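Okay, structure first, notes after.
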Amino acid sequence: MRLLRSTTSRLALAVSVAFLLSFIVLGTGVYAAVSTLLERDAHEVVRTDAAGLRDLYRHAGYARLREELEARIGTPDDPDMVYMLLDSHGRVIAGTLADVPGWTGRARWLQFVDAASDDTPRVIAQQQVLDNGQYLLTGLRMRSEDGFLRLILHSALAALLAAAVMGAMVGRWTSRWVARRLGNLDRTAERVAAGEMGLRVHSDGSGDAFDRVALRFNGMLDRIQALLDAVRHATDHIAHDLRTPLSRLRTRLDAMREVPAIAASPVAIAELDAGLAETDGLLQSFSALLRLSRIEAQPATADDATVVDLDQLVQDVAELYQPVAAQRGMRLHVVGAPLQVAGDPDQLFQLLVNLLDNALKYGPAGGTVTLAMAAAGGQVELSVRDQGPGIPEGDRQRVFDRFERLQADRGQAGTGLGLSLVRAIVARHRGSVVLSDGDAGPGGAPGLCVTVHLPRRPPAAVT
């Protein structure tokens, strides 16, 4: 049933069924035409022979007719011809057969089976009433005609089997061709959704429906790319242009702490400290924005990039955040394995820092944050699990956007760019990131699990 829900499978089935139906209709038409032609020829042969016997009876009389019948029955020119002379009650006076099954004496044309013959052929016969009340029956065993029809039927069944196989092959080829054309579009859309905005669908120049869809898709991506670049450049320019005056403002605010009148007022000092904290937050946001833009502008890492010992990187990050976890009354649990990836160690370190910082920030006191990594086929699976409030399923893609924060987190310190940086770093390393429920926490909180998949370093390239 799952296969039937697939468009390509339904297309293959439709092509196969259409192919078979066309063959069946054509074969049935040919069979019916040949059968009708043979029946008409048989009737014509019987009608001609019966007309000759009738003329003989009219011109030479009954005795000569019976003599001719006995001669034809004894030494027939055609063994499939049937001659019968019946009395008024249907009893055989002279004839090829012992009786006529189903005889009534009323029908002009009869059709019955010669049960006395080994192959029980069908017989078509014409019946005439003589002047003396007897019946003259002239017929033909349809042995050759029916044999030819059986040969056609058997050949048609064999051809139908071959047509079924050929139809399945044609349907399969059609579905594979359609799937291949759509697969290129699907793979490109998947990679673009993962962050490779520069990709475009290959156009073969055929101008067919698939090629037009590819061109439309590429045009849409070009438009999206232009809009994103415009927003990114505007954001970068704002961040770059405002960082200098903000730095000067911070310097002046810090210098104001030395003014005697302000230094003597605890309230003024507290307000200055709050202003400095807000300014530091803005500078931190602008720095994160510029860092994010630089990462997104960099090409994807290659297989021959720097080899990074991911287990050592995990240990370094865990050691860095162990005091923070202890200060917040939380446990930091590390599950690692000696795995390597190709990439930028500084950016991977930043990725781990962002994920661990979020987990410790939103996890409850007394909770556990688990940092684990394992090999999954040709990939490395890196996960950070906490016991915090989690993220609703409908918001899990939205939180990767710049400055996007859930309503419940508006009061928390932060720039709203942490997961945006994570996604940009993962995309540059040709990986993927998925959010799901983590470990159940106190009060039934679902927790959050952030799972990052990165291409594993090929064993042959490890030095």
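Before moving on, here are some points about what is shown:
- A300 meets each of the listed conditions (1) of a type outside the set (V, I, T); (2) touching a strand residue (DSSP E or B) at 6+ places or on another chain (Cβ under 9 Å); (3) farther than 27 Å from K361 by Cα apart from (2).
- If the condition is being closer than 28 Å to L339 by Cα, open to solvent by 30 Å² or more (accessible area, probe 1.4 Å) and part of a loop (DSSP other than H, G, I, E, B), then the range 372-390 contributes G377, G378, Q387.
- Checking each residue in the range 100-127 for being in contact with a Lys or Arg (Cβ under 9 Å, 6 or more places away or on another chain) and at pLDDT 85 or above picks out Q111, F112, V113, D114, P121, R122, V123, I124, Q126, Q127.
- Residue check, R10 in a helix (DSSP H, G or I), of a type in the set (D, E, K, R) and modelled with pLDDT under 80: yes
- Selected residue (criterion: farthest from H59 (Cα to Cα)) from residues of the range 125-151 that are of a type in the set (S, T, N, Q), out of contact with any Leu (no Cβ under 7 Å at 6 or more places or on another chain) and open to solvent by 10 Å² or more (accessible area, probe 1.4 Å): S144
- Counted residues, the range 192-207 - those being among the charged types (D, E, K, R) and modelled with pLDDT under 75: 1
- Failed criterion for L339 (all others in (1) touching a Pro at 6+ places or on another chain (Cβ under 9 Å); (2) modelled with pLDDT of 85 or more hold): (1)
Condition check ((1) aliphatic (A, V, I, L, M); (2) open to solvent by less than 60 Å² (accessible area, probe 1.4 Å)) across all residues:
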position: V45; (1), (2): yes, no
position: L53; (1), (2): yes, yes
position: L56; (1), (2): yes, yes
position: L69; (1), (2): yes, yes
position: R72; (1), (2): no, no
position: L86; (1), (2): yes, yes
position: G90; (1), (2): no, yes
position: I93; (1), (2): yes, yes
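- Checking L282, L310 one by one, the residue that is among the aliphatic types (A, V, I, L, M) and within 20 Å of L355 (Cβ to Cβ) is L310 and no other.
- Whether a residue is closer than 30 Å to V34 by Cα and within 19 Å of the chain's Cα centre (by Cα) was assessed, and V170 passes this test.
- Flag if E393 is over 30 Å from A342 (Cα atoms), at pLDDT 80 or above and within 35 Å of the chain's Cα centre (by Cα): yes
- Single condition T235 does not satisfy, out of (1) modelled with pLDDT of 80 or more; (2) open to solvent by less than 40 Å² (accessible area, probe 1.4 Å): (1)
- The residues on offer are M220, M197, M169, and the sole one that is in contact (Cβ under 8 Å) with a residue 12 or more places away in the chain and either within 30 Å of I24 (Cα to Cα) or not basic (K, R) (or both) is M197.
- Residue within the range 172-194 that is open to solvent by less than 80 Å² (accessible area, probe 1.4 Å), closer than 30 Å to H429 by Cα and part of a loop (DSSP other than H, G, I, E, B) present: yes
The values are calculated or read from the model by the stated rules, or taken from the named source; none is laboratory data. No experiment lies behind these values; they were computed from the predicted model shown. All Cβ positions, glycine included, derive from the backbone under ideal geometry; neighbour counts span all protein chains shown. Just so you know, the surface numbers come from the protein's heavy atoms only, side chains and all, with ligands and any DNA or RNA stripped out. Shrake-Rupley method; radii C 1.70, N 1.55, O 1.52, S 1.80 Å.
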